[in-house]
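The values are calculated or read from the model by the stated rules, or taken from the named source; none is laboratory data. Predicted, not measured: the structure shown is a model, and the values here were computed from it. Here the Cβ is made from the backbone with ideal geometry for all residues, glycine too, and neighbour counts use every protein chain on show.
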Amino acid sequence: MMLPLILAIITLLIASLYDLKDRQVPDELWVPGVAVGLSIKVLEWERTVKFLENYWPFLLLLAIMLLIEWFLSTSGEADLLAYLTLASLMSGKCWFPDALIIYIASKVLMVLTLPFQFLLNLITVMRHPELIEGFDEPIWRKLLALLLLTPYRRPLSFYATVAEIEVGGKRKFVLRAALKPISDEMPEEGKWIAPTYPMIPFILAATIITALC
């Protein structure tokens, strides 16, 4: 049945537009997807029971990972609702349910942004060495900073976290800022920040890739 997949992609596409614009996705956007997904599973009860029998360990794993993310506040509410909507709409392929495959694929896609961020930061620092000057840090922490953080850039400053402090007149990176949830603070120019990228577009891309495989 193509209806669940089409509904999932349309819902994620609309949510991506909200996420890219202001990082806020209305909760009610997920209601139709969840309602349709649960309705289909009730109407196709025998197929649903077989689905649960085959995939319940992986669905439990997905639920645990989402609970951990919610507890640690490492993902926004919209991200978690997106995965729950997919779990209600999508079926399963091979040995894993689609929702778990999409969850893993979306995280991989997000991680793949780090090498590009590192390369862009390296080019920026080579052009403007003053951005890295004054940091009392070993080389390995500077490399991690290039990977996880970024110098202040206005497009990335919204919902970013300040990722440097001053100790004894020396600048230091706050690498743990990269693990913090979205922040409402507005970083100052000249400071290093930990950017947060909208996750819903990555979930959308992972859903399309999974559907094509």
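Only one residue in 12, 66 is modelled with pLDDT of 85 or more, crowded, with 18+ Cβ neighbours inside 10 Å and closer than 19 Å to residue 209 by Cα. Which one?
Testing whether each residue is modelled with pLDDT of 85 or more, crowded, with 18+ Cβ neighbours inside 10 Å and closer than 19 Å to residue 209 by Cα leaves just 12.
Does residue 74 satisfy the condition of being within 20 Å of residue 96 (Cα to Cα) and among the polar types (S, T, N, Q)?
no
Just checking, which of 102, 64, 68 is without any contact (Cβ under 8 Å) to a residue 24 or more places away in the chain, under 19 Å from the mean Cα position of the chain (by Cα) and under 21 Å from residue 197 (Cβ atoms)?
That would be 68, the only listed residue that is without any contact (Cβ under 8 Å) to a residue 24 or more places away in the chain, under 19 Å from the mean Cα position of the chain (by Cα) and under 21 Å from residue 197 (Cβ atoms).
Testing residue 197 on (1) without any contact (Cβ under 8 Å) to a residue 40 or more places away in the chain; (2) part of a loop (DSSP other than H, G, I, E, B), one condition comes back false. Which one is that?
Only one criterion in (1) without any contact (Cβ under 8 Å) to a residue 40 or more places away in the chain; (2) part of a loop (DSSP other than H, G, I, E, B) is unmet by residue 197, namely (1).
Only one of these is among the basic types (Lys, Arg), surrounded by fewer than 13 Cβ atoms within 10 Å (Cβ to Cβ) and not assigned by TED's automatic domain parsing to the domain that holds residue 33: 127, 141. Name it.
None of the other options fit; the residue is 127.
Just to be sure I understand the filter: pairs with C-beta atoms under 6 Å, separated by 6 or more residues or on different chains, first member in region 30-56 and in the same structural domain as residue 81 (by TED's automatic domain parsing), second member among the polar types (S, T, N, Q) and assigned to a helix (DSSP H, G or I). Which pairs pass?
30/85; 33/11; 33/85; 34/85; 34/88; 37/88; 38/88; 41/48
So, of the residues in region 23-64 that are small (Gly, Ala, Ser) and touching a Leu at 6+ places or on another chain (Cβ under 6 Å), which turns out to be nearest to residue 156 (Cα to Cα)?
Checked region 23-64; the qualifying residue nearest to residue 156 (Cα to Cα) is 33.
Go through region 122-141 and give me each residue that's among the basic types (Lys, Arg) and out of contact with any helix residue (DSSP H, G or I) (no Cβ under 9 Å at 6 or more places or on another chain).
Matches in region 122-141: 127 only.
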